Amino acid sequence: MQPVPEGSPALTHRPAIDGLRAIAIAAVVINHAFPEALPGGFAGVDLFFVISGYLITAIIAADLAAGRFSLWAFWQRRIRRIVPALAAMLAATGLAAWAILTPADFYEFAKALAAAALFGSNLLFARDVDYFYAAEGAAPLIHTWTLGVEEQFYLAFPLLMLAVFRWRRASLLPVAAAITLASFALALWLAGRWPLGAFYLLPTRMWELGIGACCALLPPPRRVHGWLAAAGLALIAAGFALINHESAAPGAWFLLPTIGTALAIRHGQEGTLAAQVLGWRGLTGLGLVSFGTYLWHQPLLALGAYLWFGPLPVWVSLALIALSVLLGAASWRWIEQPVRRRAVLPGPRTLVLAAAAALALPAMAGAAGYARLLLPRSGEEARRLEALQPEGVHDHIVIPATGPLGFVLYGDSHAGQYFAAARAQLGTGALLSQSACLAADGVSNRAPGESGAAACTGLPDQLVDLVTQRKVRTLIWAQRWERDLYGTASGQMIGTTTGGKDAAVLIAAMERTIARLPQDVRVIVIGNSPTAWAAGPQLAQGWLRCRVRLNGSCPDSYPAHLAEGREISAALTRWAAVQPRVTYVDAAAPLCPAGRCLLMQEGRLNYYDGSHLTQRAAAQVLAGIDPGTIPR
């Protein structure tokens, strides 16, 4: 198999490919702005992957065949193509996020900012960021995962092609095909086991880039079949219609848009109907500015939604889409083209230094935000209101390696919210928790197969081991107590504590857990905290978040009868009253005086988000524990 010769259609500018880019960017933008209108539009990125794999492979293969390939020259072209436009978007988005986001959301944004600047956001998001339900702080940069995949491809694939070419040039296509098939198989296998990894990582996306690579390495078709190009466009449309956010991604359904793109590339040659459609001036114009449009549309839509309570008005979404296209065109005209044509940064040394500096700034800003050395503009107000997240709030398990432990704080994130205050008031202790996990012997709130279910159901055993081995005499059990309940042996749902229902099921499981502890262990149960989101949907992310929005009002209190967990807390109160080893602490008592639950109390906030207490409010709740009864 001979590499693509110079002068091949793969290396000449083809308006049809710009048209494919336009279809891809239009689908992605429509999906992000109006997901119900085009559920599978996010698969437009799969079109980009195929196109990228095709063009990059064609360029490398032609250079290898002509004996002029240079890794440095290749990577330099990639820097010119991507970094200037990306750096401009990251800088502007970083400033906007600093001005708009709450401290909690800016923390999430900062992680994404640093990762995006290092082309590693796909690696970050694969850990715990769902593309379709991303945390608000990560949302403005969620789209940068594709740049991570492509840059990792640009680093690895040229080296592979160079090695294979020097070994046996005829093996380029077989090797590319083998990698493509292996990647597809891995994607199918991993999608059900690690969905985020399958979605974000290069090994499971390589098959899409590989389809494009194989298109470039195949000999040009002896005869162009226009009907195949038209069928390719039909497959792309079918993919957009049939794929949705519940589809295994990138699974078998994604063969529709990717194979469709390959057919359109190979057979959409000049003179075919498909080429005429794709070569329409409006499409090719959008295709030329598609990279900049892709970079800008997501920050604009995400930050616009951040400022508005409820769905963005249609006219606002349309205006933001238009602005993203204008910014994409400006990026193409004044950033991308001058750098690519060497009118700006002509020399390789200045290019590398400028690119490194341009990416170092957002990378350092992101690292500073992640370390909480850099707070957003709202940070000063949050500090004044004592509403910054307590230190270590993202830690789920904290166990000092040596020394006596005065207590173990056990539960979910509603246990973690007390840890900083507990250490300040009660001395050295340990935290044993898992986010969104209620677990007692034989019962948990996690359905079998759900992410984190195994770790959650194993938490009671860890508790018993820790208390026994370290001779801890005080267990503080705090939860968000309103949960569905599943039997850990059967895996079947056996009840719910919402509204106080099936409280006896939970209490029986708690008794079994307590019975496994040494007899001298004292158990302190903290009732459900009232939460901020009980005040209404506008407080779902807390009072600070509510304040950012341009529409709606933000109450600073609500009637106590709306507090979350009142019924299950009452059941726990009655149970503790007849248990000699158990003491109940009412979390609502200090936070809901005179029949109203206070979000703002004595000029300070009680919640740093929609449900978690500030350290000051947590200290008020823990004041119900006599510190003299906690061994130190």
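Laboratory data are not the source of any read-out in this text; all were calculated from the coordinates shown. Small disclaimer: the values here were computed from a predicted structure and weren't measured. Cβ sites come from the backbone with ideal geometry, for glycine too, and all protein chains shown count toward neighbours.
A few points about this structure:
- Database remark: amide H of Arg522 closer than 5 angstrom to the amide H of Thr474, Leu475 (H placed geometrically; neighbours at sequence offset of 5 or more, or on other chains; Pro and chain starts carry no H).
- One decimal place: the segment Ala178-Trp280 gains 33.1 nm when fully extended, by the rule 0.36 nm per residue minus the C-alpha distance.
- The range 190-209 and the range 514-580 have Cα centres spaced 39 Å apart.
- Separation in nanometres of the label points that stand 7 Å from Cα toward Cβ, at Arg168 and Thr428: 6.5
- Rounded to 10°, Cα long-axis angle of helix 566-577 versus longest principal axis of the chain: 40
- Zone residues, the range 58-81, relative to Arg349, backbone N less than 20 Å from point 7 Å out along Cα-to-Cβ: 72-77, 79-80
- Across the range 139-147, coupling constants 3J(HN,Hα) worked out from phi with the 6.51/-1.76/1.60 Karplus curve, θ = phi - 60°, read 4, x, 10, 4, 6, 6, 4, 5, 5 Hz, and Gly and Pro carry x.
- Label-point separation in nm, Gln492 to Ser70, each point 7 Å along Cα→Cβ: 7.2
- For the chain, Cys with no neighbouring Cys Cβ under 4.7 Å: Cys214, Cys215
- Taken as Cα centroids, the range 217-238 and the range 416-438 sit 61 Å apart, rounded to the nearest whole angstrom.
- Highest mean first, the peptides 185-198, 612-625, 141-154 sorted by other C-beta atoms within 10 Å per residue fall in the order 141-154, 612-625, 185-198.
- Estimated 222 nm signal from helices in the chain, with DSSP H stretches of n ≥ 4 weighted -39500 (n - 2.57), rounded to 500: -17000 deg cm²/dmol
- Centre separation in Å (Cα based) which lies between the range 461-512 and the range 287-366: 49
- Nearest-0.05 FRET efficiency for Arg512 and Arg342, computed from C-beta distance (R0 56 Å): 0.15
- Gyration tensor verdict on the chain (Cα atoms; rounded if a/c is under 1.5, prolate if a/b is larger than b/c, oblate otherwise): prolate
- Whole-number percent relative contact order across the range 257-337, with pairs defined as alpha carbons under 8 Å at least 6 apart: 34
- Close amide H contacts of Ala135 (hydrogens built in the peptide plane, cut-off under 5 Å, sequence separation of 5 or more or a different chain): Asp130.
- A simple spin-label model places pseudo-atoms 7 Å from Cα toward Cβ; at Gln579 and Leu160 they are separated by 5.6 nm.
- In the chain, Cα pairs under 8 Å separated by at least six residues give a relative contact order of 15 percent.
- Mean Cα-pair separation over length for the range 15-377, i.e. relative contact order, pairs under 8 Å, 6 or more apart, %: 31
- Segment His561-Glu381, length gained on full extension (0.36 nm per residue, minus Cα span): 61.8 nm
- Under the Karplus curve 6.51 cos²θ - 1.76 cosθ + 1.60, θ = phi - 60°, whole-Hz ³J(HN,Hα) for the range 435-440, x wherever Gly or Pro sits: 4, 6, 10, 10, 9, 9
- Put in line by how crowded their Cβ is, counting other Cβ atoms within 10 Å and starting with the fewest, Ile399, Ile243, Ile514 read Ile399, Ile514, Ile243.
- Per-peptide average of other Cβ atoms within 10 Å, ordering 434-446, 523-535 highest first: 523-535, 434-446
- With an a/c value of 1.5 or above and a/b not larger than b/c for the gyration tensor axes a ≥ b ≥ c computed over the alpha-carbon atoms, the range 479-522 is described as oblate.
- ³J(HN,Hα), Karplus 6.51/-1.76/1.60, whole Hz, each residue of the range 393-400, x for Gly, Pro: 5, 8, 7, 9, 10, 10, 10, x
- Amide hydrogen neighbours beyond the local backbone of Val443, cut-off 5 Å, H modeled: Thr488
- Beta bridges per DSSP, both residues in the chain: antiparallel share near 45 percent.
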